[in-house]
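K.L.:
Take this structure first; my questions come after.
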Amino acid sequence: MAPMALGGVALLSACGDDSEDGNTMDRAVEQGFIRIAIANEPPYTEVNADGSVTGAAVEIPRRAFEIMGIAELQPTTIEYGSMIPGLQAGRFDVVTAGLFMTPERCEEVIYSEPDVCGTESFAVAAGNPLGLNSYEDVAAQSDAIVGVPGGSVEEEYAIEAGVPEERIEVIPDLRAGVDALKAGRIDAYGLPTASIRELLDGESDLEEAGPLPGIPIACAGAAFRQGDGDLREAYNQALEQMKDSGDFDDILLEFGFDPSAARAVTAEQLCAGEAPEFEG
Ligand code: 6CS
């Protein structure tokens, strides 16, 4: 396993895991870029008009990979439900989209320590005419329809709350969600609170319902293939360096995230489903 500079200190990979396609970390360091999956959901991830990408879930790994000697990110924009299959198929090397840690996902991939954490909300029509303030409220109203990203934690929340499949509308992107709300095709659009607030900035016909009580504080981290334990370990060491230098907090605060929320919980706890619930 080739040694790797980490902040000027040669780092022998902590464990000899090799991804099925050879060693991802050695390849990324050698070629100078790493392939990332993102979603284009500000402030987590965003694709700018010039094709450049940003967002808290991109800028944290950008800095971490720089520390690891990997200067360039090569992004693929993809829906949440396709991220883990795409990672496992080798279409990209890491998911840096704000893909929240859940016990189910932690069975499929290995996560770094958390970076972005937050609550969940609905976007609803101004005045919240159906009084939708939880997924249980949607379930209880026989004509209420909730929109959620495909393969998302919000889709899981709706199912767990008892919303029938025919009243869960999979929404492909943010614009489609706003259009569906305004057209009355859905009555609530479920997303993280931070995404809702960015989405509704300047929208007069829509408003936020939330943060929704009783839902876990959701945290994401970088998600790697199970065979890339060495890459995950080196990434976590770079995160620690960023926490010491102030880069970690500076980047999260720039995008409106609370660094203390990520510092207060571990990937192990999140993968065990031990995230605290928002109390309202
Ligand atoms: O990880 C997820 O499922 C959720 N993460 C974000 C950043 N937005 C919605 C998505 O469903």
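The values are calculated or read from the model by the stated rules, or taken from the named source; none is laboratory data. Remember, it's a predicted structure, so these values are computed and weren't measured experimentally. Because the Cβ atoms are built from the backbone with ideal geometry, glycine has one as well, and the counts that use them run over all protein chains shown.
K.L.:
Which one of the conditions (1) within 27 Å of S260 (Cα to Cα); (2) more than 12 Å from the ligand (Cβ to nearest atom); (3) touching a residue at least 40 places away in the same chain (Cβ under 8 Å); (4) not β-branched (V, I, T) does D115 fail to meet, given that it meets all the rest?
P.N.:
If we test D115 against (1) within 27 Å of S260 (Cα to Cα); (2) more than 12 Å from the ligand (Cβ to nearest atom); (3) touching a residue at least 40 places away in the same chain (Cβ under 8 Å); (4) not β-branched (V, I, T), just (2) comes out false.
K.L.:
Pairs only if they're at least six apart or on different chains, beta carbon under 9 angstrom, first in segment 147-171 and farther than 20 Å from C106 by Cα and without any contact (Cβ under 8 Å) to a residue 60 or more places away in the chain, second within 9 Å of the ligand (Cβ to nearest atom) and part of a helix (DSSP H, G or I); list them, first residue then second.
P.N.:
G147/E154; V148/E154; V148/E155; V148/E156; I168/E155; V170/G81; V170/E155
K.L.:
Now a separate question. Taking the options Q226, Q241, name whichever one is closer than 21 Å to V94 by Cα, touching a residue at least 40 places away in the same chain (Cβ under 8 Å) and in contact with a Leu (Cβ under 9 Å, 6 or more places away or on another chain).
P.N.:
So the residue among Q226, Q241 that is closer than 21 Å to V94 by Cα, touching a residue at least 40 places away in the same chain (Cβ under 8 Å) and in contact with a Leu (Cβ under 9 Å, 6 or more places away or on another chain) is Q241.
K.L.:
Moving on. Restrict the check to segment 243-251 and report whether at least one residue is closer than 18 Å to Y44 by Cβ and surrounded by fewer than 15 Cβ atoms within 10 Å (Cβ to Cβ).
P.N.:
yes
K.L.:
Tell me the residue from E108, E113 that is assigned to a loop (DSSP other than H, G, I, E, B), in contact with a Leu (Cβ under 6 Å, 6 or more places away or on another chain), farther than 16 Å from I186 by Cβ and at pLDDT 95 or above, please. Show your work before the answer.
P.N.:
Numbers: E108 fails: in contact with a Leu (Cβ under 6 Å, 6 or more places away or on another chain).
Just a single option satisfies the conditions, and that option is E113.
K.L.:
To continue, here is another question. List the helices (runs of 4 or more DSSP H) inside segment 1-90, counting only whole elements, that have at least 1 residues being over 17 Å from L231 (Cβ atoms) and modelled with pLDDT of 95 or more. Write out each step before concluding.
P.N.:
Numbers: elements: 24-31, 56-67, 80-88.
Fully inside segment 1-90 and qualifying: 56-67, 80-88.
K.L.:
Okay, next question. Do any residues in segment 33-57 that are in contact (Cβ under 8 Å) with a residue 24 or more places away in the chain and closer than 25 Å to N23 by Cβ have Cβ atoms under 6 Å from those of residues that are of a type in the set (S, T, Y) and more than 10 Å from the ligand (Cβ to nearest atom), where the two are at least six apart or on different chains, and which pairs are they?
P.N.:
Within 6 Å, the pairs are I36/T96; A37/T76; I38/T77; A57/T96.
K.L.:
Checking the structure you have, find out if any residue of segment 123-130 is within 15 Å of the ligand (Cβ to nearest atom) and either part of a strand (DSSP E or B) or modelled with pLDDT under 95 (or both). Spell out the reasoning first.
P.N.:
First, pick out the residues of segment 123-130 that are within 15 Å of the ligand (Cβ to nearest atom): 123.
Checking which are either part of a strand (DSSP E or B) or modelled with pLDDT under 95 (or both) leaves us with 123.
Yes, segment 123-130 contains a residue that is within 15 Å of the ligand (Cβ to nearest atom) and either part of a strand (DSSP E or B) or modelled with pLDDT under 95 (or both).
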